[in-house]
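The structure appears right after this line, and notes come after that.
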Amino acid sequence: MDDFKNIYGQDLAIEILKSAISKEHISHAYLFSGPDGVGRKKTAKIFIKSILDKNKEKENTKRKIDSNNHPDLLWIEPSYIVQGQSISQTKARLDGISIKSPPQIRLNQIKEIIEFLGKKPFESERSIVIIEDIERINESASNALLKTLEETHAGLFILVTKRPEKLLSTIRSRCQIIPFIRLDDNQVNKIIEKSEVFQAIDDIPSDKIRELIDFSYGSPGRCITNLQLWLSFSNQLRQKLEIQLSNPIELLKLAKEITDELNIEQQIWLIDFQQNRAWTKEKNFNIVMQLEELRKQLLKFVQPRLAWEVTLLEINLLD
């Protein structure tokens, strides 16, 4: 259980899980609830390693879990439907597939879980199912999952969410809640300093680093993502985003640069970042709402460049 020492700031969650392991009193379902990037998935891997690791090949078990290749572990995450095929959000991101509609946990994935649990475990005493971003589950899948949770005896479920209120109350009631909290600045800084992205932040002014850290809201994972995304923008685009453009021609050029250079995921992040800046620095609710409308337009397949042009010109008129 020494692996838990690498989880920062989640003392209560770790205490609950360690107690369950030491007493060999593992619940049939857990809900790992808390913000993104604070160690929920990392903690889940450590927890299930202690359950699956019943032989002397500890490193082999860890390798299988880390590579999502353990025969008694099924890891489910929201998926897209692309040309009739189900593609996980991770694979879509790695393959650079840009899809405007949000991913979902779908009924076919719950059927996959039922089939998985119907087989005897190969290497351990029980089969384990982890469902990531469970708040993205659709209605039919949600009802099927509830029935599965009610009937399962041999399997262990770990549901990971940042929005537990979006789940059916009957699903929540069948899980033991494991609470994860936001970290303080010192804890966030310690984790960032150990990350690869820390080596590249010399290219970012200190005040911008501070702004990106503040925008992470106590989530080291989100902070690393913020830094990586900002670094992925060209120097020219970063510079333009830092100054107050008022010339309509320049604003139209900026809209073109944004849509030529950034994919939809990067554009959505930029909207979030600009909303945060408009509110924290200016308390400008109108700009926040204009940007929110832009987000809706991008997710509705409106031509991105046109949507950005209209939004930037309208925000300029508000100033």
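The values are calculated or read from the model by the stated rules, or taken from the named source; none is laboratory data. Bear in mind the structure is a predicted one, so any value in this text is a computation, not a measurement. With ideal geometry, Cβ positions are generated from the backbone for all residues, glycine too; neighbour counts draw on all protein chains shown.
Figures for the structure shown
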| read-out | value |
| --- | --- |
| Selected residue (criterion: surrounded by the fewest Cβ atoms within 10 Å (Cβ to Cβ)) from residues of the range 211-233 that are part of a helix (DSSP H, G or I) and among the hydroxyl-bearing types (Ser, Thr, Tyr) | SER232 |
| Answer from LEU159, LEU107, LEU145 - the residue that is of a type outside the set (Asp, Glu), at pLDDT 90 or above and either more than 23 Å from LYS45 (Cα to Cα) or not assigned by TED's automatic domain parsing to the domain that holds ILE65 (or both) | LEU107 |
| Hey, SER169 under 29 Å from ILE51 (Cα atoms), of a type in the set (S, T, N, Q) and not assigned by TED's automatic domain parsing to the domain that holds LEU146 or not | no |
| Meets criteria (surrounded by fewer than 15 Cβ atoms within 10 Å (Cβ to Cβ), at pLDDT 90 or above, among the basic types (Lys, Arg) and more than 22 Å from PRO103 (Cβ to Cβ)) for LYS256 | yes |
| Criterion violated by SER234 - all others in (1) closer than 29 Å to ALA92 by Cα; (2) free of Cβ contacts under 8 Å to residues at least 12 places away in the same chain satisfied | (2) |
| Candidate set: the range 102-119, residues that are free of Cβ contacts under 8 Å to residues at least 24 places away in the same chain and assigned to a helix (DSSP H, G or I); chosen: the one nearest to GLN266 (Cα to Cα) | ASN108 |
| Leading residue by the ranking (surrounded by the most Cβ atoms within 10 Å (Cβ to Cβ)) among those in the range 259-281 that are touching a residue at least 40 places away in the same chain (Cβ under 8 Å) and over 24 Å from PRO102 (Cα atoms) | ARG277 |
| Odd one out for TYR80 among (1) farther than 25 Å from VAL188 by Cα; (2) surrounded by fewer than 18 Cβ atoms within 10 Å (Cβ to Cβ); (3) not acidic (Asp, Glu) | (2) |
| Every residue from the range 134-177 that is touching a residue at least 40 places away in the same chain (Cβ under 8 Å), surrounded by fewer than 21 Cβ atoms within 10 Å (Cβ to Cβ) and within 16 Å of the chain's Cα centre (by Cα) | ARG136, LYS162, PRO164 |
| Some residue of the range 222-235 being farther than 27 Å from LYS162 by Cα and not aromatic (Phe, Trp, Tyr) | yes |
| Candidate set from the range 110-133 (those that are buried (at least 18 other Cβ atoms within 10 Å of the Cβ) and among the small types (Gly, Ala, Ser)); member that is modelled with the lowest pLDDT | SER124 |
| Qualifying strands (runs of 3 or more DSSP E) (wholly inside the range 12-101; at least 2 residues being polar (S, T, N, Q)) | 85-88 |
| Criterion: over 24 Å from the mean Cα position of the chain (by Cα) and under 30 Å from ASP185 (Cα atoms) - qualifying residue of LYS283, LYS253 | LYS283 |
| Any hit, the range 48-68, residues being among the hydroxyl-bearing types (Ser, Thr, Tyr), under 27 Å from PHE215 (Cα atoms) and surrounded by fewer than 18 Cβ atoms within 10 Å (Cβ to Cβ) | no |
| Any hit, the range 68-84, residues being under 20 Å from ASN138 (Cβ atoms), acidic (Asp, Glu), out of contact with any Cys (no Cβ under 8 Å at 6 or more places or on another chain) and in contact (Cβ under 8 Å) with a residue 12 or more places away in the chain | yes |
| Qualifying residue in the range 88-108 (condition: in contact with a Pro (Cβ under 7 Å, 6 or more places away or on another chain) and over 30 Å from ASP214 (Cβ atoms)) | yes |
| Residue in the range 103-121 that is under 29 Å from LEU183 (Cβ atoms) and either out of contact with any Ser or Thr (no Cβ under 8 Å at 6 or more places or on another chain) or among the small types (Gly, Ala, Ser) (or both) present | no |
